[in-house]
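> My questions all concern the structure below.
Read-outs throughout are calculated quantities, based only on the coordinates presented, and are distinct from any laboratory measurement. Just so it is clear, the structure is predicted and the values come from calculations on it, not from any experiment. Counting neighbours? That spans all protein chains shown, and the Cβs are built from the backbone with ideal geometry, glycine included.
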Amino acid sequence: MHPVTFSFTINKQGSTEDIYLLRSCEWSADTAVLYAVQRSPLWNSPVQNAAEIHAQQQSVTFMSYYSSDDSSGKSKSGIYIGLLSEPKFPDAKTGWSGFLNRNLRPYVTAEHNAPEGNYTVIVSFVINEEGYMSDVYALNDPGYGTTEEAIRVFKKSPRWAPAMVDNKPVKYRAFQAVNFSLSGAIVDYYYPLP
C-alpha cells in the first residue's frame, strides 16, 4: 500500500485551492492525485459566512498486488481512496521526539572525532498492522557513527497504535530526519516528527 496524502482549501464559492502534498508516494501517482483535486467539481460549502474552510485532508492509497492466476503471470494494480489516520506513538506526553531524546546518544559525533558541522540521517521505517516498527534503514550515511546510532534507537521503539484506513489497521511507511550538530564542544540535536 502506497499512500498519497494532501490537503486543500474549499473557498466560499466551493472551489478547491491551496492544494499541498503532505505525503508523497511516487511522482506520477502524486501528479495524478493533485490533478484530480484541481479538477474537482464545485463543493457545497457548509459555512455560509466564512471566507474559506481550511485543512481539508485526504489520503489516496495505491495498492499493488500480483494476480493469483499463475498461468497468466499478469500483475494488477488497484486504487483505494479513504481517510487515513497516521500511526500514533504510545507516550502522549513526550511523544516520539521525547523517546528519541531519551535514547539517542547526542555525543556520538564527538566520540568519532567528527569535524564541526551538521550530520543529518534520514531513517525510513514501517509501522505494521500490529503497531510494531520494522524495515528500519537509513537513506543516507553522513558518517561518524550517526547512522548506526539512529538505527539502534529506532529498533528499540515500543509498539505504536497502527495507521488506520476506514477503521482497519494498515502498514505505514514513514521517514524521520535525525540531525546531530557539532560545534566546538557543544552537541545539539533535534528530531522533526515524521
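> At a 10 Å Cβ-Cβ cut-off, how would you order TYR119, TYR107, fewest neighbours first?
Least to most surrounded, the residues fall as TYR107, TYR119.
> Also, quick follow-up: Going by how many other Cβ atoms sit within 10 Å of their own, how do ILE151, ILE127 line up, fewest first?
ILE151, ILE127
> Moving on to the next point. State which entries of LYS88/LYS156; LYS93/LYS171; LYS93/LYS155; LYS88/LYS155 exceed 26 angstrom in Cα-Cα distance in the structure shown.
none
> What ³J(HN,Hα) values, in whole Hz, does the Karplus curve 6.51 cos²θ - 1.76 cosθ + 1.60 give for region 91-102 when θ = phi - 60°, with x put for Gly and Pro?
Listing the rounded values in order: 8, 5, 6, 9, x, 4, 5, x, 4, 5, 4, 6 Hz.
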